[in-house]
Amino acid sequence: MGRDRGRRPQLKSLDPDSLAAQAELRAELARLDRAALLALLDRLATESSAVAERLRYLADPAHAKTDLAARIRRLRASKRFVPYRESGALAREVETLVEDLERDLLPRAPEDALALAEKLLALDGALIERCDDSGGAVGSVLRDAARLWVSAAAAVRALEPPPTSDWVVRLRSLYADDGYGVREPLLAEARRLLSETELRTLASAFELDARRALARAGEPGESAVGHYGPCSAIGLIAETLNDPLLYERSIRLYSPQPNELQAARIAQRYAAAGDAAGARRWLAGPWPIAREAERLRLLDAVHALEGDRASQITVRRKLFELEPGRERYRALQELLEPDAAAAFEAEVRRAAPGYADPVAGARLLFTLGAVAEADAMLRRRASDLDGRDYGRLPELAEEALQHGAVTAAVVIWRALLTSLLERAESRAYGHGARYLEQLRALAAAPKAMQLVPTHEAWEAELRRAHGRKTAFWSRLP
């Protein structure tokens with residue numbers, strides 16, 4: 001998910017997206033001496049109450065604390081529902097709060113920063129419930145607030161004389177109130193705050209919670225999934241400690257015979273810890289075909305840990321056969337000796353035109369430099385192209401054009417545009433107009449003129465079939 005990381009407004013004389021301009025300004029300011037900078041700030045503060053307020057905020061931690069606390073109170077007081085189109089602005093407001101707490105208050109007053117971070121984090125439920133966060137932006141910045149809490153807690157703890165506060169209890173209590181999954185960083189990054197012994201103590205406490213919840217499951221008024229929260233917490237701690245055995249126990253608590261999905265997650269933790277034998281125990285096949293690729297990828301990692309190149313080659317060949325593609329081809333080729341690599345390349349060149357997925361076949365042929373074969377294959381299999389494949393076809397058309405495969409590019413853009421108009425995808429008409437402009441630009445190319453129908457005949461038929469879609473045609477010259 002992409003994050004719209006908003007920032008405070010920049011100086012109007014600068015393009016806010018111009019990193020070069022901002023870097024140049026910083027360099028100029030760095031060349032000023034202290035007296036000149038003070039004079040500049042004094043003049044700006046005199047001319048602008050906003051600048052004066054900001055300077056007071058930066059100079060005085062108490063003022064910063066007051067300002068930040070007021071902004072958190074305003075967030076808490078608001079009851080207005082935020083629709084999806086405005087959720088990004090809400091996320092930026094929370095994000096700016098997190099950044100200001102971390103940059104302006106934490107270095108100078110860590111206890112105040114910790115208290116305010118905890119207040120901000122306590123708003124997670126209220127904020128998520130009063131907005132449409134379908135894009136996850138608000139949830140994402142609240143996870144940043146959880147990371148900030150860990151940073152502030154670690155800073156406060158570093159200043160405490162022994163004996164320290166019971167941070168295990170405090171962290172456990174804060175995580176237990178997580179109803180929306182945004183407080184996971186509290187445990188995922190807890191190593192910055194707690195010792196290994198404390199983390200294991202925390203895991204034991206969550207295990208006790210899980211066992212109690214499992215024992216009560218099915219009783220009137222009890223949740224049937226009440227154990228998931230504490231089991232998930234143990235798993236997060238296990239990842240923090242890089243302890244695959246603890247991670248395995250977090251799953252076996254509620255699933256004594258883990259399914260393939262759970263087995264894959266366990267195997268991944270063993271592999272991440274460098275325990276090839278532990279991972280292998282969970283990768284015995286066969287698995288359902290839908291998960292076989294995942295099993296093979298994990299086996300590849302296990303064989304790499306073991307230094308077993310021959311087994312890696314076998315696994316990567318199976319992965320390629322399961323779903324031929326450019327990345328899997330390259331992954332296998334990098335392990336093969338020169339003669340075997342040449343034979344494999346020849347094999348793929350022969351087979352690619354007949355692959356069930358023509359896009360994968362064409363990509364491989366372009367990778368091998370077999371441009372004429374790719375061009376001929378796409379022209380021959382035009383009806384096999386799925387015009388709804390916006391994720392791959394436009395990129396493949398551009399790649400074809402870069403290689404000089406003009407007819408292939410034309411065939412792809414025709415498939416995209418025809419599908420778009422047949423489904424009346426009005427939101428994509430802008431893309432469709434660009435496709436048609438590309439087709440018109442290529443119409444006079446000698447290779448394109450060999451296509452049947454020609455561009456003129458094809459566009460005439462397109463107008464006959466979809467001429468009433470004025471919202472599309474109005475976008476063209």
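The values are calculated or read from the model by the stated rules, or taken from the named source; none is laboratory data. Computed from a predicted structure; not experimentally measured. For neighbour counting, all protein chains shown are included, and Cβ atoms are generated from backbone atoms with ideal geometry for every residue, glycine included.
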If we keep only residues of the stretch 182-205 that are aliphatic (A, V, I, L, M) and assigned to a helix (DSSP H, G or I), then the residue nearest to residue 138 (Cα to Cα) is 186
Of 421, 451, 416, which residue is in the same structural domain as residue 359 (by TED's automatic domain parsing), closer than 24 Å to residue 381 by Cβ, in contact (Cβ under 8 Å) with a residue 40 or more places away in the chain and within 34 Å of the chain's Cα centre (by Cα)?
421
Would you pick out the residues in the stretch 216-237 that are of a type outside the set (Ser, Thr, Tyr), under 21 Å from residue 180 (Cα atoms) and in a helix (DSSP H, G or I)?
229, 230, 231, 233, 234, 235, 236, 237
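The rows are residues; the columns are (1) assigned to a helix (DSSP H, G or I); (2) within 16 Å of residue 111 (Cβ to Cβ); (3) without any contact (Cβ under 8 Å) to a residue 12 or more places away in the chain.
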{"site": "134", "(1), (2), (3)": "no, no, no"}
{"site": "141", "(1), (2), (3)": "yes, no, no"}
{"site": "146", "(1), (2), (3)": "yes, no, no"}
{"site": "149", "(1), (2), (3)": "yes, yes, no"}
{"site": "158", "(1), (2), (3)": "yes, yes, yes"}
{"site": "165", "(1), (2), (3)": "no, yes, yes"}
{"site": "172", "(1), (2), (3)": "yes, no, no"}
{"site": "180", "(1), (2), (3)": "no, no, no"}
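Applying the selection to the stretch 425-448, what residues are more than 15 Å from residue 477 (Cβ to Cβ) and either surrounded by fewer than 14 Cβ atoms within 10 Å (Cβ to Cβ) or outside the structural domain of residue 411 (by TED's automatic domain parsing) (or both)?
Within the stretch 425-448, 426, 427, 444, 446 qualify.
Name the residues in the stretch 326-372 that are of a type outside the set (Ser, Thr, Tyr), on the phi < 0 side of the Ramachandran plot and not in a helix (DSSP H, G or I), would you?
Result: 334, 335, 336, 337, 356, 357, 368, 370.
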Those residues of the stretch 215-274 that are at positive phi and at pLDDT 90 or above come to a total of 2
Give just the number: which of (1) surrounded by 17 or more Cβ atoms within 10 Å (Cβ to Cβ); (2) touching a Ser or Thr at 6+ places or on another chain (Cβ under 6 Å); (3) part of a helix (DSSP H, G or I) does residue 459 not satisfy?
(2)
Among residues of the stretch 156-169 being farther than 18 Å from residue 196 by Cα and among the hydrophobic types (A, V, I, L, M, F, W, C), the residue surrounded by the most Cβ atoms within 10 Å (Cβ to Cβ) is 156
Can you confirm whether residue 324 is in contact (Cβ under 8 Å) with a residue 40 or more places away in the chain and either over 30 Å from the mean Cα position of the chain (by Cα) or buried (at least 19 other Cβ atoms within 10 Å of the Cβ) (or both)?
yes
Filtering the stretch 278-323 for residues that are of a type outside the set (A, V, I, L, M), part of a helix (DSSP H, G or I), within 17 Å of residue 258 (Cα to Cα) and touching a helix residue (DSSP H, G or I) at 6+ places or on another chain (Cβ under 6 Å) leaves a count of 4
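Condition check ((1) part of a helix (DSSP H, G or I); (2) out of contact with any helix residue (DSSP H, G or I) (no Cβ under 6 Å at 6 or more places or on another chain); (3) farther than 28 Å from residue 468 by Cα) across all residues:
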position	(1), (2), (3)
374	yes, no, yes
386	no, yes, no
391	no, yes, no
397	yes, no, no
410	yes, no, no
416	yes, no, no
427	yes, yes, no
438	yes, no, no
Can you go through 188, 213, 217 and tell me which one is outside the structural domain of residue 120 (by TED's automatic domain parsing), of a type in the set (Gly, Ala, Ser) and surrounded by 15 or more Cβ atoms within 10 Å (Cβ to Cβ)?
213
